[in-house]
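Student: What follows is a structure written as structure tokens; I'll ask about it next.
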Amino acid sequence: MNESDRERDSEEVDFVIKCRMKRRWARPFLCMLEYMECCGDIGHSSMVGLFADGDGDFHPKFEVSGFEKFQRQPPMFSNYSSDNVMFDSDVTAETMRIYSDKRNRDKWLQDDEDRRCRRWLNDWSEGILGEKWTDGEEEK
């Protein structure tokens, strides 16, 4: 990332998110946003999330205005599983390119982390990098 990109990423922007969801989900969603704001105010870092019960009645619809189209970012592979997906601004397509190289995974990851990373690459690479990732190995 060059200096211009860093400056652009640190710029504050105003945008609008229009949301439609059931009232029972709106309360915890708004509380989550309030807690995120509080974390920023007091300098506290933590994972913040909402249980998205897609098999139930959680079917939100979002419309975003005032923010440019952008390249999708993958979730964090360290927390990636079928029921625990978190996103972080430091996890980018470049992160995915780095971990797609087996030498980097061998250098930095334990076996259980490597399995999770491979699943993450398999599930997200096509949407983020534009092509399906493969390392030529069978899934462990």
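Student: Looking only at residues that are of a type in the set (D, E, K, R) and out of contact with any Phe, Trp or Tyr (no Cβ under 8 Å at 6 or more places or on another chain) in region 21-44, which one is surrounded by the fewest Cβ atoms within 10 Å (Cβ to Cβ)?
Tutor: Among those residues, the one meeting the criterion is 23.
Student: Can you tell which of 53, 5 is among the acidic types (Asp, Glu), at negative phi and part of a loop (DSSP other than H, G, I, E, B)?
Tutor: None of the other options fit; the residue is 53.
Student: Give the residue, chosen from 91, 64, 85, that is out of contact with any Asp or Glu (no Cβ under 7 Å at 6 or more places or on another chain), in contact (Cβ under 8 Å) with a residue 40 or more places away in the chain, β-branched (Val, Ile, Thr) and surrounded by 10 or more Cβ atoms within 10 Å (Cβ to Cβ).
Tutor: 64
Student: Could you grab me the full set of residues in region 32-44 that are within 20 Å of the chain's Cα centre (by Cα) and not in a loop (DSSP other than H, G, I, E, B)?
Tutor: Passing the criteria: 32, 33, 34, 35, 36, 37, 39, 40.
Quick note: the coordinates plus some simple rules give every number you see, no bench work behind them. Just so you know, these numbers come straight off a predicted model, no measurement behind them. As a convention, Cβ positions derive from the backbone with ideal geometry for all residues, glycine included, and neighbour counts pool all protein chains shown.
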